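What follows is a single structure, written as structure tokens, with notes after it.
The values are calculated or read from the model by the stated rules, or taken from the named source; none is laboratory data. Everything quoted here is computed from the prediction, not taken from an experiment. We place every Cβ from the backbone using ideal geometry, glycine too, and count neighbours over all the protein chains shown. When the accessible area is computed, the model is the full protein with side chains, heavy atoms only, and any ligands, DNA or RNA have been set aside. Shrake-Rupley method; radii C 1.70, N 1.55, O 1.52, S 1.80 Å.
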Amino acid sequence: MIRALVMILPPLLAIGFAVYALIDAARSDAERIRNLPKGAWISLIVLFNVVGSAAWFIAGRPKGQSVPKPSDVLRREPELPARGAAPDDDEEYLRWLEQQAKRKRDSSVSDSQSSTSKSSSNDSKTPTNEENQESSEDNPENPTSP
């Protein structure tokens, strides 16, 4: 049993190390990789498993790149888009709202003034009851009085 474990364990570790190095190289930013282009590092890792993987971690991996822990990757909170302040806390929005309200008030005031002036001008054109009676007396064929 120990003999089987000794024979199987080193190749499994070598394959795991190579797969980890391959994934790390593939996910790294191409502009930050040191010494060789990204494709050359990936080829080196695939062709020379253990040696290529070790070379990647020593000479190719970008400096300062931390290795994420598997638990961090699994527990990472989804990044939500930055939320702005509530609408009632946003000064620009409140100014815009006040301007809209003022425009609405101004338009309703001007509409009511124009309709008042139109009705007063129409009142001058509309005959009064006295004028209706006079015109009906003048023209017996067109009785307009009730």
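Out of everything in the stretch 20-39 that is over 15 Å from residue 63 (Cβ atoms) and not in a loop (DSSP other than H, G, I, E, B), what residue ends up being least open to solvent (accessible area, probe 1.4 Å)?
It comes out as 21.
Residue by residue through the stretch 52-61, note down the ones that are closer than 13 Å to residue 19 by Cα and either open to solvent by 60 Å² or more (accessible area, probe 1.4 Å) or not hydroxyl-bearing (Ser, Thr, Tyr) (or both). Reasoning before the result, please.
Filtering the stretch 52-61 down to residues closer than 13 Å to residue 19 by Cα leaves 52-54, 56-57.
The answer is 52, 54, 56, 57.
For the stretch 79-106, give me each residue that is modelled with pLDDT under 70 and open to solvent by 100 Å² or more (accessible area, probe 1.4 Å). Please lay out each step first, then the result.
Step one: filter the stretch 79-106 for residues modelled with pLDDT under 70, giving 79-88.
79, 80, 81, 82, 83, 88, listed by residue number.
All but one of (1) in contact with a Leu (Cβ under 7 Å, 6 or more places away or on another chain); (2) open to solvent by 70 Å² or more (accessible area, probe 1.4 Å); (3) of a type outside the set (Phe, Trp, Tyr) hold for residue 42; state the number of the condition that does not hold.
(2)
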